[in-house]
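S.K.: Once you've had a glance at the structure underneath, I'll fire off some questions.
The values are calculated or read from the model by the stated rules, or taken from the named source; none is laboratory data. Computed from a prediction, not measured in an experiment: that's the story for all the values here. Using ideal geometry, Cβ is built from the backbone for each residue, glycine included, and neighbour counts are taken over all protein chains shown. Accessible surface areas use protein heavy atoms only, side chains included; no ligands, DNA or RNA. Shrake-Rupley method; radii C 1.70, N 1.55, O 1.52, S 1.80 Å.
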Amino acid sequence: MRIYDPKQSENASAMHLSFAHLSDPHNPLTPNVKATQVLNKRLLGYLSWHRKRHLRHRPEVLTAMLEDIAAADLDHTIVAGDLTNIALPDEFAAARDWLKTVGPPQDVTVIPGNHDAYVRVPFAEGIGLWSPWMLGDDATDVTFPFVRKRGPVAFVMLSTSNPTPPLFASGTLGKAQLDRLEAVLDDLRGQDVFRVVVLHHPPEDYPTKRRKALRDRAAFRAVLARTGAELVLHGHQHHSHFGLISGPQGKIPVLGVPSASMALNSEKDDEARWNLINVRREDAGWRLSTHGRGLTPRGFETLGRWTLQVPLS
Ligand SMILES: [Fe+2]
Ligand SMILES: [Fe+2]
């Protein structure tokens, strides 16, 4: 199966890149959970998983999505957080094994989500297990933001993942990370690259529910209003989303994607979807095109597509 023109997909070059954007796989909760591990904030999430979430987040949907992505034969894959449910050490190990099925670390880039910081977990037992997929180019330690350049694209990867009180699913970037983000985006601005900023929480004033929002989203938007970026990607909402935020030369597209494991006919969340994104350098600027590949009763199909001309920074 070819979803797009094969002549445009061959040989990822300095002028072209195709990649997948998926998020919120919420891999199944691992068995053999000890009572002492859930006598904290995890208890609510543990009960929620066994009551209803296990019916909505289905491993067979996730498997079918990875098969659809593999068939598209792309250059790279972005996973935008929430690989786990209640941040148990066994879940981080299972998510690492799942990442191996997505692809090798040089071809797959990951950030954590709020569920991956459900409670505070030592780095080495938690997201540190995913380090090979979270290292910036030439880096030996995981720091945020980190940058990976692939063809004409620079992926700028952020973490909004911090432990929060029970019933909260909010995120925070923090001033130190925002300062580094501004320096990174400024530095990349003159390099003729297509800057894709990836974070788990949406950066716009949606959702309005404070308990789920990115707390310093206004500060994030202020950075991008100064430095610009060519595209922002996120997950977290379990809904498809297209929005625009302000940059120095006009609007910056923002793309959110539903959970990668969401079954059909789930009550409040969109069914599973991933975005196939093409970036191509043209004389006048960049051509950005996406296909939304959504779950249907017949499997994954293209449910929407659009193309934008994006000016050079
Ligand atoms: Fe999620
Ligand atoms: Fe989330």
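S.K.: So which pairs qualify, if the first residue must be in region 188-211 and farther than 21 Å from residue 144 by Cα, the second must be open to solvent by 80 Å² or more (accessible area, probe 1.4 Å) and of a type in the set (A, V, I, L, M), the Cβ gap must be under 7 Å, and the two must be at least 6 apart or on different chains?
M.R.: 211/167
S.K.: Applying the selection to region 244-280, what residues are closer than 24 Å to residue 224 by Cα and modelled with pLDDT under 95?
M.R.: 249, 250
S.K.: Oh, and also: Considering only region 176-189, I want to know if a residue exists there that is assigned to a helix (DSSP H, G or I), farther than 30 Å from residue 282 by Cα and open to solvent by less than 20 Å² (accessible area, probe 1.4 Å).
M.R.: Yes, there is a match, as at least one residue in region 176-189 is assigned to a helix (DSSP H, G or I), farther than 30 Å from residue 282 by Cα and open to solvent by less than 20 Å² (accessible area, probe 1.4 Å).
S.K.: If you don't mind, there's one more thing I want to ask. Do the conditions hold for residue 103, that is, is it closer than 15 Å to residue 81 by Cα and open to solvent by less than 20 Å² (accessible area, probe 1.4 Å)?
M.R.: No.
S.K.: Against the conditions (1) exposed (fewer than 15 other Cβ atoms within 10 Å of the Cβ); (2) farther than 30 Å from residue 67 by Cα; (3) modelled with pLDDT of 95 or more, where does residue 122 fall short? Just the number, please.
M.R.: Result: residue 122 fails condition (3) only.
S.K.: Does residue 160 meet the test of being open to solvent by 30 Å² or more (accessible area, probe 1.4 Å) and either assigned to a loop (DSSP other than H, G, I, E, B) or of a type outside the set (Lys, Arg) (or both)?
M.R.: no
A quick yes/no check of all residues on (1) touching a Leu at 6+ places or on another chain (Cβ under 7 Å); (2) open to solvent by 10 Å² or more (accessible area, probe 1.4 Å); (3) without any contact (Cβ under 8 Å) to a residue 12 or more places away in the chain:
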| site | (1), (2), (3) |
| --- | --- |
| 216 | yes, yes, no |
| 221 | no, yes, no |
| 225 | no, yes, no |
| 237 | no, yes, no |
| 242 | yes, yes, no |
| 252 | yes, no, no |
| 260 | yes, no, no |
| 269 | no, yes, no |
